[in-house]
Structure formats: structure tokens, C-alpha cells
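Enquirer: Before I ask anything, here is the structure I am working with.
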Amino acid sequence: MHTLNIEQPAAQPLVAAMHEAKVVMLFDDGSCLLDNGRRATRATSCLIEPRAGDCVLLAQASDQHCYVLHILARNTTAGAALSVPGAEALSIRQAKIGIHSIDTLELASARDVSVTAASGVLALNAANLFMTVSESIVQQSRNFIGKTVQYMLDVRQLLRMHAKDTLVTAERDVKMDAERISMG
């Protein structure tokens, strides 16, 4: 019986060296120019987008490619942007997620926004609620209950209410004013 001895090449280390550098300039493709003259791309695990002036931790791969692994320090208190390099979408999956802002929370999309509480409660609590809709508002529910001190509705064309039964009550007056009133 013959044995075949095959030598496998030694594994090359993935990272040859780690360095610290400053970001000098950002390019449109997401890479950046460093103060050491090298160009680096952001590692997929580096979720905070670098800015000019940031002190970053670099990994130089064995193929001499340079990656930004981590933002070590930033000289400004301006906000940070989270993104995943090379990913088209970002999902956060956890049993519970909390997003807290001391001042302002903004959600914006150039297209669609969907908020779903499939089997739970969606609660909105605010001092004021402003809605601007350029086309239609469609509401569907089994029960609709509203309580307010004053309710003013201004309709420019047609106001139509239809029900099997309608009940209008007032403690003092019910006033109807029109050029013509048709009943029956």
C-alpha cells in the first residue's frame, strides 16, 4: 500500500500589521486618504463612517490592502453616521429595541415608511400632532373613539357621512345653516 504525502502550504496571516493614522480626506467610493499617504477602505465591521480628522485604527492585510477597523477618536462633537460598507440594507434584529433621544428624533425616507405592530399596540404620545398629506388619508378600524374639547373640520367640497344609524346630541343647541336644507 502506497501513502501519498502532500504538503500543504503554511497559512498566510490575514493581518500583517495594525497602525494608527488620521483621516485626511474622504472619497466618493467610501475610501479615505490617510495622513501617512495610504488609501484605506472601511472594514465591514466598522459601522461608524469616518470623517476627516478622525484618528483611526488600521489593519494592513498581507496583500498590502489597508482597512479602517475602528474610529479611535474624533475632535468634533458633531453627530455620527452609522452604515455598513457594501450593504444595500441594514436590519436590526432583537427581542427589544429602544431608541432614545434627549432632544429630537427624526425618521425620514425618500420613498416609503411602514410602521407595523402586527398583534400589539402602536401608541403615539405628543403635545401636538401635525400631519400633512398631499393626497389621501385612508383609515380602517372596527371601532373609532375620539375625545376632544373642540373639534373643527373644514371641508372645501363635499362632506359625506353615512351610517346605518346616526345620533347627534347636544346639551344646548344644534344649529344648521345652509342655502337649502333637505331632510327625509
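Values quoted throughout were computed directly from the atomic coordinates according to the rules given, and no laboratory measurement underlies them. Since this is a predicted model, take the numbers as computed values, not measurements. Here the Cβ is made from the backbone with ideal geometry for all residues, glycine too, and neighbour counts use every protein chain on show.
Enquirer: Quick check on packing: order 102-108, 19-25, 82-88 by the mean number of other C-beta atoms within 10 Å, highest mean leading.
Expert: 19-25, 82-88, 102-108
Enquirer: If you don't mind, there's one more thing I want to ask. Rank these for me by crowding, D54, D35, D112, going from fewest to most other beta carbons within 10 Å.
Expert: D112, D35, D54
Enquirer: Give the calculated FRET efficiency between A81 and M131 to the nearest 0.05, with a Förster radius of 30 Å applied to their Cβ-Cβ distance. Provide the component values of the computation, followed by the final result.
Expert: Details: r = 28 Å, r/R0 = 0.94.
My answer for the efficiency is 0.60.
Enquirer: Rounded to whole Hz and in sequence order, give me ³J(HN,Hα) for the range 38-43 from the Karplus expression 6.51 cos²θ - 1.76 cosθ + 1.60, θ = phi - 60°, writing x for Gly and Pro.
Expert: For the range 38-43, the Karplus-derived couplings read 7, 10, 10, 10, 7, 5 Hz, x marking Gly and Pro.
Enquirer: Here's a follow-up. Select from the range 47-140 those trypsin sites (Lys or Arg not before Pro) which occupy a DSSP coil region and have at most 14 other Cβ atoms within 10 Å, ordered by residue number.
Expert: Working: sites: R51, R74, R93, K96, R111; in loops: R51, R74, R93, K96, R111.
Of the trypsin sites (Lys or Arg not before Pro), the ones in loops of the range 47-140 whose Cβ has at most 14 other Cβ atoms within 10 Å are R93, K96, R111.
Enquirer: Could you work out the Kirkwood radius for the range 15-73, taking every pair of different alpha carbons, averaging 1/r and inverting it, reported in Å? Working shown, then result.
Expert: Details: mean 1/r = 0.0910 Å⁻¹.
Computed over Cα pairs of the range 15-73, the Kirkwood hydrodynamic radius comes out at 11.0 Å.
Enquirer: For K175, give me every one of the aspartates and glutamates with a C-alpha distance below 19 angstrom, ignoring sequence neighbours fewer than eight places off in its own chain.
Expert: Partners within reach: D154.
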